[in-house]
1. May I ask you to list the residues in region 259-271 that are touching a Phe, Trp or Tyr at 6+ places or on another chain (Cβ under 9 Å) and surrounded by fewer than 20 Cβ atoms within 10 Å (Cβ to Cβ)?
2. Residue under question is LYS250, and the condition is that it be open to solvent by 40 Å² or more (accessible area, probe 1.4 Å) and touching a Leu at 6+ places or on another chain (Cβ under 9 Å); does it hold?
3. Which residue pairs have Cβ atoms under 6 Å apart, sit 6 or more places apart or on different chains, and have a first residue in region 58-74 that is part of a strand (DSSP E or B) and a second that is within 16 Å of the ligand (Cβ to nearest atom) and not hydroxyl-bearing (Ser, Thr, Tyr)?
4. Take the residues in region 81-94 that are under 13 Å from LEU219 (Cα atoms) and open to solvent by less than 10 Å² (accessible area, probe 1.4 Å); name whichever of them is nearest to the ligand (Cβ to nearest atom).
5. In region 191-217, which residue that is surrounded by fewer than 24 Cβ atoms within 10 Å (Cβ to Cβ) and among the polar types (S, T, N, Q) is farthest from the ligand (Cβ to nearest atom)?
6. Can you name the residue in region 142-165 that is closer than 25 Å to HIS321 by Cβ and in contact with a helix residue (DSSP H, G or I) (Cβ under 6 Å, 6 or more places away or on another chain) and, of all such residues, is farthest from the ligand (Cβ to nearest atom)?
7. Does any residue of region 122-134 turn out to be in a helix (DSSP H, G or I), more than 10 Å from the ligand (Cβ to nearest atom) and either aliphatic (A, V, I, L, M) or open to solvent by 40 Å² or more (accessible area, probe 1.4 Å) (or both)?
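The values are calculated or read from the model by the stated rules, or taken from the named source; none is laboratory data. The structure displayed is predicted, hence computed values, not measured ones. Here Cβ is always computed from backbone atoms with ideal geometry, including for glycine, and neighbour counts include all displayed protein chains. Ligands, DNA and RNA are stripped out before the accessible areas are found, and what is left, the full protein with its side chains, is counted by its heavy atoms. Shrake-Rupley method; radii C 1.70, N 1.55, O 1.52, S 1.80 Å.
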Amino acid sequence: MKHNFYAGPAVLDRTVMDEAANAVQSFQDMGLSILEISHRSKQFVAVMEEAEALIRELLHVTDDYAVLFLTGGASSQFFMAPMNVLSSDQTAGYVDTGTWSAKAIKEAKLFGKVNVLASSKEDNYKHIPEVTVPSGLRYLHLTSNNTIFGTQFHKWPETDAPLVVDMSSDIFSRDIGDINQYGIIYAGAQKNLGPAGTTLVIVRKDLLGQVDRELPTMLDYRTHIAKGSSFNTPPVFPIYVCMLSLRWLKENGGIKVIETRNESKAKVLYDEIDRNSLFQGMAREQDRSLMNVNFSVTDPNHEESFLKYAAEHDAVGLKGHRSVGGLRASIYNALKPESVHHLVQLMKDFEAQNA
Ligand SMILES: *Cc1c(COP(=O)(O)O)cnc(C)c1O
């Protein structure tokens, strides 16, 4: 069995995988595979309803909000969010904390005025910048966790504007506080929720229907709200696996329990990075991500040899993103504490052999 540190698509719990595999063979008592049933069958409609109910329960989402399963990835939300809520004469605030934020900023500019309130680009995004948010913004957009750079907001900037947050790589990993502070939350499923192929969008309904433009039917959130995410054929299998992983999360204690487990996993790994003479952390300490742990070797000659050593011992997915280099261990919800302990032991052994 491998210890899977890939950044995304990423690790899922074994029990989720087993149940998904069974459903590919035969789904419930239908005598059919989950892959060959109608998205309008009562069995699949029940899956969709359960997935939505679990999301509402786990994140305390009220009826003021719609919960949608869309396609096109988080990348499509970069344009869909401003297209649906930002009129051409309105201003949205953005904080540039990494590659994904920068992409969101580029798209938003197509629809309205964009005020980039702060950026840590000059430091290759090693920290979360301080932000003073002016009043009068239509919304404030944040990337809660910077998957590539290993930084994370541990507190939102103060603002009276609704938050629009890309939570692709840390959704369901921690308590997100009062739902009413959010306008839109979106997340590609493939980091912390399920397999690639669907994007979760939680949107406050009263923000919609106010923009000064016509919207293509498929790009209008209201279309998907009216049709329960089934205006067209939704990604049946990815949604099913998301539902299984939400069930797994709930059965294992929900957000509070996973948050504590995530904090202790991250602490174990960062403590070793800080202790071990052959490794060093990359992100500013107070901004370190609990999901993506970026680090590097103090002697560049050790990078390839450590990756090789780790792979020989079943620890995979540790190479840093090409725009950052170094190493990255993604330690999402489904990664077991044993896998972090395994990696820490490999680092200790590597030090003993090479220091
Ligand atoms: C992976 C990722 C994305 C891109 O997601 P896609 O579903 O591939 O479009 C966007 N934002 C963040 C924070 C990510 O980690």
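1. The first filter runs over region 259-271 and keeps only residues touching a Phe, Trp or Tyr at 6+ places or on another chain (Cβ under 9 Å), leaving 262, 269-270.
Correct list: TYR270 only.
2. When the stated conditions are applied, LYS250 passes them.
3. TYR65/ILE202; VAL67/ILE202; LEU68/VAL201; PHE69/PRO234; PHE69/ILE239; LEU70/VAL201
4. Kept after step one, since they are under 13 Å from LEU219 (Cα atoms), are these residues of region 81-94: 81-85.
Add one more test, that the residue is open to solvent by less than 10 Å² (accessible area, probe 1.4 Å), and what stays is 81-82, 84-85.
Numbers: ALA81: 12, PRO82: 15, ASN84: 17, VAL85: 18 Å.
The residue in question is ALA81.
5. Once the filter is applied, the top-ranked residue is GLN210.
6. VAL164
7. So the first thing to find is which residues in region 122-134 are in a helix (DSSP H, G or I), and the list is 122-123.
Now restrict to residues that are more than 10 Å from the ligand (Cβ to nearest atom): 122-123.
With either aliphatic (A, V, I, L, M) or open to solvent by 40 Å² or more (accessible area, probe 1.4 Å) (or both) added as a condition, the list becomes 122-123.
Scanning region 122-134, I find at least one residue that is in a helix (DSSP H, G or I), more than 10 Å from the ligand (Cβ to nearest atom) and either aliphatic (A, V, I, L, M) or open to solvent by 40 Å² or more (accessible area, probe 1.4 Å) (or both), so the answer is yes.
To keep it simple, each residue is scored yes or no on (1) at pLDDT below 95; (2) farther than 29 Å from SER173 by Cβ; (3) outside any helix (DSSP H, G or I); (4) open to solvent by 40 Å² or more (accessible area, probe 1.4 Å).
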{"position": "GLY31", "(1), (2), (3), (4)": "no, yes, yes, yes"}
{"position": "ARG40", "(1), (2), (3), (4)": "no, yes, yes, yes"}
{"position": "ALA46", "(1), (2), (3), (4)": "no, no, no, yes"}
{"position": "ALA51", "(1), (2), (3), (4)": "no, no, no, no"}
